[in-house]
Amino acid sequence: MTQTRYYRTRSPEPEKEKTGGGGGTAMRVIVPLQGVVQGRGGLVLGSIIPCALFYFLQFYLKRNRDDPDDKNESNSTGQNPTTRSPSSEHLTELPGLTRSLSRALLSPRNSGPVSISARVSGIVKGGDSPYYMGLKRVKEDPYDELDNPNGVIQLGLAENKLSLDLVKDWLAENAREAILGNGKELSISGIAPYQPFDGLMEFKVAVAGFMSQVMENAVSFNPSQIVLTAGATPAIEILSFCLADTGNAFLVPTPYYPGFDRDVKWRTGVEIIHVPCRSADNFHLSIAALDRSFNQAKKRGMKVRGVIISNPSNPAGNLLNRETLYSLLDFAREKNIHIISNEILAGSTLGNEEFVSMAEIVDQEDTDRKRVHIVYGLSKDLSLPGFRVGVIYTFNEDVLAAARKLSRFSATSAPTQRLLISMLSDTKFVRTFITTNWERLQRMYVQLVAGLEKMGIKSIKSSGGFYCWADMSGFISSYSEKGEVELWDKLLNIGKVNVTPGSCCHCIEPGWFRFCFATLTEKDIPIVMERIQKVLKPVN
Amino acid sequence: MAIEIEQPRVGLSKVAVSKTHGEDSPYFAGWKAYDENPYHETSNQSGVIQMGLAENQVSFDLLEKYLEEHSEASSWGKGAPGFRENALFQDYHGLKSFRQAMANFMEQIRGGRAKFDPDRIVLTAGATAANELLTFILADPGDALLIPTPYYPGFDRDLRWRTSVNIVPIHCGSSNNFQITPEAMEAAYQSAESMNLKVRGILITNPSNPLGATIQRSALEQILDFAVNKNIHLVSDEIYSGSTFSSSEFISIAEILETRGYKDAERVHIVYSLSKDLGLPGFRVGTIYSYNDQVVTTARRMSSFTLISSQTQHLLACMLSNKEFSENYIKTNRERLSKRYDMIIKGLKKAGIECLKGNAGLFCWMNLSPLLEKPMRESELALWKVILNEVKLNISPGSSCHCSEPGWFRVCFANMSEQTLEIALERIHKFMEQRKRN
């Protein structure tokens, strides 16, 4: 029953075979935006009247605007009524924030006369996206085999529950000593006082070792080049602050992790330029596409400061091969920009391909290290998202110096570091955990893919991560984001299954969905399939 | 024999290269000197004694005793119930039990004179993060916050660095014990206006760092009135609220709001943390308590960048919800801090040094202006260097706190043993004797 696993000692598979694409290999034409201007003579009137109205509106507003001497008036450009977007949970992934930071004119509403910054008023309505709403629904009505068999099954959250029992067992035996110290003496003075904000050196050593282990010892990491942060979320933000100024941009291949919109853009004022990947390429990164996007940006006067790749990628589950990584480095060198390599799922590979870290690439090339920065964390590979452990690994001393200082705003907790130092130093435990986790991920993936395949749903062959990136374009009523969201809604509210629609990940082709399988047990899979089957009605 | 080609330097952002982190100032330079030559009771008796770090180490034993007797706090026990949920818990609302425990703790510190709703608590990894987060939320780049001087040197970094917000000082002086006056606030506001800076809020620290004194009720009323009048926010950093020497002298802005029936409350936000009162800065626990729903919602979302480890939340929820422990801790901690304060004041007095009358905090505000050659910042810094390099004491010069009067120094007393404090006082005594002779 066990799949064979690709290990480092073998040569890579010659071909990546696609397990299926959306409706054949032909690229469908993307429906253009609905901004198509219509009308002929109407065109003139259609332009003049709105303009005129607009000017009158401005004039009216100007006359009735706040008099600076009148202290009772609000100073703000408006606040957003928060009632329609109740706060949701599991907020580390937040795709609703796709709008730029421009001062959105929101309907004024006095939740209080004193205003908050423009920077955030655009954010307040972030809870409307399918991503959020799905998570909320699961929280309100979570599936449970015994207590709530009709509840919503979660396939929209990239958590790995498959191997938590191993961690739990370790902790049950070792936690207390691990936090407070070995032997009979309990010592709070080891964890209570101020620690270096970028993490205890002992912990950096342990994390460097762990990173090496999950990457099958193909590369070693220098603890002194590590900055620890409270999760990978601030790691990405800190790097964005360090590498780009407000108004600059990063190139990011789509589809991408929805959280990047928040992490990269929100408080930094930095932009993301989408670099579309297509099903025809199995959503692999194309350097040509990067180049095109870079040039387009330049024409628009936008300064590109770097590329952000995820390897393994989320949601497609691709690994970047050596050749691509070298080409990427060449590209970055040519344009003199940075590379941020998000490798948070490096230890969650599915065994059919070789994982190569950006660190391994620059290991061999002595020059150009200064432009490479790696993000890692323990939320995925060690299943401990609650403990908030993220890593910035960089070869650039200036970035290291700045990131170290910035880590004060997002520092890891000392008792947690102590606990994990013990755990990660237990190499036997780590080895068992990593290999068991691989097996379980692989098994679950295979079952999920098989189940979907039986229903005619094909997916991209995944090489890493917790996801199945599936093509459901054959089942949407219209080949558009609207059609896709309709299907998502049906799956959630009728099928009671929460999956992530590709539009949340900015996928350029409608109809793709992300199914996370690492929150499921094997028993859940047939139930998931049954429910999806109920919902699907093929559209001709 | 390869030809070396000069690589174009791949650039960094303005934020990365800016000096706003402030770490070149004497405040931080003193820490560095300590790091390089730290005093140790037995192994390095001639090292630098750290009196520039406001850490509370006087009550560790109480924490240790608690942890020893309550293993469920630091582990998940047999079968580890709740571990799975805890490990996966990354909800930015934070553990309800922990928020409840924090709300209760904050109420206890205020002697029950104010109530806190756990659903208004937003958790952050430390007060540093809380202050920055609030600044991001309340102000735009280029705007200004008014802050009374002298203030915590870290504000220059925490409030300005990534946010690009400006600080405009509200000058306070020794003539009235550095109290904040309406005239001073108005002057600061006008100053901001004249620089074309939009004032978005006023930030006070109560009890004050570095003064080591609580803000009086009348001043708090005036500050709130000022904020209402100008229609700006009021942030009250009450991180030292549990470190007052007597339970009755600290008045929280929450109490003022209560007496006003919470009118105007939506502009008020309180910052708190366990780093000082509970002596746990390594745990990274901070909170924002806001009376403004929109701020709470937004702060919660933004706290994704600075969540508290769920394991830590679990540990502290257990500890702080144990009423017996928390009541005893608050009381004992106060007594010990008070005792330390008396000790240092007496010792300084013997050496002929006066301090501002204080009633809270982990430090005292020492007046060395009589020792200055000239009443100028340069003389203060020269004196500071002498104290650091010759007397081997790291204390913080008032200029790093933006004090408008030279000669004042902040001296921390809670981050060392009593013996070490004695030694420090002896060194000061000797130093003063020497100066008298010269």
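The values are calculated or read from the model by the stated rules, or taken from the named source; none is laboratory data. All values derive from a computational prediction rather than experimental measurement. For neighbour counting, all protein chains shown are included, and Cβ atoms are generated from backbone atoms with ideal geometry for every residue, glycine included.
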> For the subset of the stretch A:140-172 comprising residues that are at the interface with chain B (Cβ under 9 Å from one of its Cβ atoms) and part of a helix (DSSP H, G or I), which member is nearest to B:Arg301 (Cα to Cα)?
Replying inline: A:Leu164
> For B:Thr306, which of the numbered conditions (1) in contact with a Lys or Arg (Cβ under 9 Å, 6 or more places away or on another chain); (2) over 26 Å from B:Leu95 (Cβ atoms); (3) of a type outside the set (Phe, Trp, Tyr) fails to hold?
Replying inline: (2)
>> Can you say whether B:Ala103 is assigned to a helix (DSSP H, G or I), among the small types (Gly, Ala, Ser) and more than 9 Å from chain A (Cβ to nearest Cβ), as far as the supplied structure shows?
In response: yes
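Going by what's in this entry, would A:Asn493 be described as assigned by the TED database to the domain that holds A:Pro149, crowded, with 24+ Cβ neighbours inside 10 Å, touching a residue at least 12 places away in the same chain (Cβ under 8 Å) and not β-branched (Val, Ile, Thr)?
Numbers: assigned by the TED database to the domain that holds A:Pro149: yes; crowded, with 24+ Cβ neighbours inside 10 Å: no; touching a residue at least 12 places away in the same chain (Cβ under 8 Å): yes; not β-branched (Val, Ile, Thr): yes.
Against the criterion (assigned by the TED database to the domain that holds A:Pro149, crowded, with 24+ Cβ neighbours inside 10 Å, touching a residue at least 12 places away in the same chain (Cβ under 8 Å) and not β-branched (Val, Ile, Thr)), A:Asn493 does not qualify.
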>> Looking at the stretch B:34-45, I want the residues that are under 17 Å from B:Ile395 (Cβ atoms) and have a partner that is outside any loop (DSSP other than H, G, I, E, B) and at pLDDT 85 or above with Cβ atoms under 7 Å, at least 6 apart or on another chain. Which pairs are those?
In response: B:Tyr34/B:Val48; B:Tyr34/B:Asn394; B:Asn37/B:Val48; B:Pro38/B:Asn44; B:Pro38/B:Val48; B:Tyr39/B:Val48; B:Tyr39/B:Ile49; B:Tyr39/B:Thr420
>> Checking the conditions here, which among A:Leu406, A:Leu382, A:Leu419 is crowded, with 24+ Cβ neighbours inside 10 Å, within 8 Å of another protein chain (Cβ to nearest Cβ), touching a residue at least 24 places away in the same chain (Cβ under 8 Å) and under 15 Å from B:Gln311 (Cβ atoms)?
In response: A:Leu419
> Being closer than 22 Å to B:Glu183 by Cα, assigned by the TED database to the domain that holds B:Ala299, among the hydrophobic types (A, V, I, L, M, F, W, C) and surrounded by 24 or more Cβ atoms within 10 Å (Cβ to Cβ), is that true of even one residue in the stretch B:235-251?
Replying inline: yes
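In the stretch B:134-171, how many are assigned to a loop (DSSP other than H, G, I, E, B) and small (Gly, Ala, Ser)? Write out each step before concluding.
First pass over the stretch B:134-171, keeping only residues assigned to a loop (DSSP other than H, G, I, E, B): B:139-143, B:149-153, B:159-165, B:171.
From what is left, the residues that are small (Gly, Ala, Ser) are B:139, B:142, B:164.
Total satisfying the criteria: 3.
Return yes or no: is B:Phe136 under 30 Å from B:Leu257 (Cβ atoms) and facing chain A (nearest Cβ under 10 Å)?
Working: under 30 Å from B:Leu257 (Cβ atoms): yes; facing chain A (nearest Cβ under 10 Å): yes.
Yes, satisfied.
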> Which number in (1) at the interface with another protein chain (Cβ under 10 Å from one of its Cβ atoms); (2) assigned to a helix (DSSP H, G or I) marks the one condition that B:Ser275 misses?
Replying inline: (2)
>> Can you pull out every residue in the stretch A:370-404 that is under 22 Å from A:Glu360 (Cβ atoms) and assigned to a loop (DSSP other than H, G, I, E, B)?
In response: A:Leu378, A:Lys380, A:Asp381, A:Leu382, A:Phe395, A:Asn396
>> Condition (residue is surrounded by fewer than 20 Cβ atoms within 10 Å (Cβ to Cβ) and within 28 Å of B:Asn359 (Cβ to Cβ)) applied to the stretch B:130-150: is it met by at least one residue?
In response: no
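Identify the residue in the stretch A:354-379 that is aliphatic (A, V, I, L, M) and under 18 Å from the mean Cα position of the chain (by Cα) and, among all such residues, is surrounded by the fewest Cβ atoms within 10 Å (Cβ to Cβ).
The residue in question is A:Val375.
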> From B:Glu390, B:Glu380, which residue is surrounded by fewer than 17 Cβ atoms within 10 Å (Cβ to Cβ) and among the acidic types (Asp, Glu)?
Replying inline: B:Glu390
> If you go through the stretch A:413-431 one residue at a time, how many are of a type in the set (Ser, Thr, Tyr) and over 27 Å from the mean Cα position of the chain (by Cα)?
Replying inline: 3
> Considering the stretch B:289-320 alone, what residues qualify as being over 15 Å from B:Pro118 (Cα atoms) and of a type in the set (Gly, Ala, Ser)?
Replying inline: B:Ser303, B:Ser304, B:Ser309, B:Ser310
> Somewhere in the stretch A:436-459, is a residue crowded, with 19+ Cβ neighbours inside 10 Å, part of a helix (DSSP H, G or I) and facing chain B (nearest Cβ under 10 Å)?
Replying inline: no
>> Go through (1) outside the structural domain of A:Leu243 (by the TED database); (2) closer than 20 Å to A:Gly390 by Cα; (3) among the β-branched types (Val, Ile, Thr) for A:Thr435 and report which single condition fails.
In response: (2)
>> Condition first: farther than 19 Å from B:Val295 by Cβ, small (Gly, Ala, Ser) and modelled with pLDDT under 95. Can you find one or more residues in the stretch B:146-156 that meet it?
In response: yes
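Can you tell me which residue in the stretch B:292-343 is nearest to B:Leu133 (Cα to Cα), limited to those that are part of a loop (DSSP other than H, G, I, E, B) and either more than 9 Å from chain A (Cβ to nearest Cβ) or modelled with pLDDT under 90 (or both)? Steps first, please.
Of the stretch B:292-343, the ones part of a loop (DSSP other than H, G, I, E, B) are B:292, B:307-309, B:321-322.
Narrowing the set further to residues that are either more than 9 Å from chain A (Cβ to nearest Cβ) or modelled with pLDDT under 90 (or both) leaves B:321-322.
Numbers: B:Ser321: 27, B:Asn322: 30 Å.
Among those that are part of a loop (DSSP other than H, G, I, E, B) and either more than 9 Å from chain A (Cβ to nearest Cβ) or modelled with pLDDT under 90 (or both), it is B:Ser321.
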>> Take the conditions within 30 Å of B:Thr298 (Cβ to Cβ) and either modelled with pLDDT of 95 or more or surrounded by fewer than 18 Cβ atoms within 10 Å (Cβ to Cβ) (or both) and apply them to A:Tyr326. Does it pass?
In response: no
> Can you tell me which residues in the stretch B:236-278 are charged (D, E, K, R) and within 26 Å of B:Ala317 (Cα to Cα)?
Replying inline: B:Asp237, B:Glu238, B:Glu255, B:Lys276, B:Asp277
> If you go through the stretch A:301-345 one residue at a time, how many are more than 16 Å from A:Ala289 (Cβ to Cβ), among the hydrophobic types (A, V, I, L, M, F, W, C) and within 14 Å of the chain's Cα centre (by Cα)?
Replying inline: 3
>> Consider the stretch A:242-283. How many of its residues are over 16 Å from A:Val307 (Cβ atoms), of a type in the set (Lys, Arg) and within 13 Å of chain B (Cβ to nearest Cβ)?
In response: 2
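On the given criteria, is B:Trp384 in a strand (DSSP E or B) and either at negative phi or modelled with pLDDT under 90 (or both)? Give the derivation first.
On the way: in a strand (DSSP E or B): no; either at negative phi or modelled with pLDDT under 90 (or both): yes.
Judged against the criteria, B:Trp384 is not a match.
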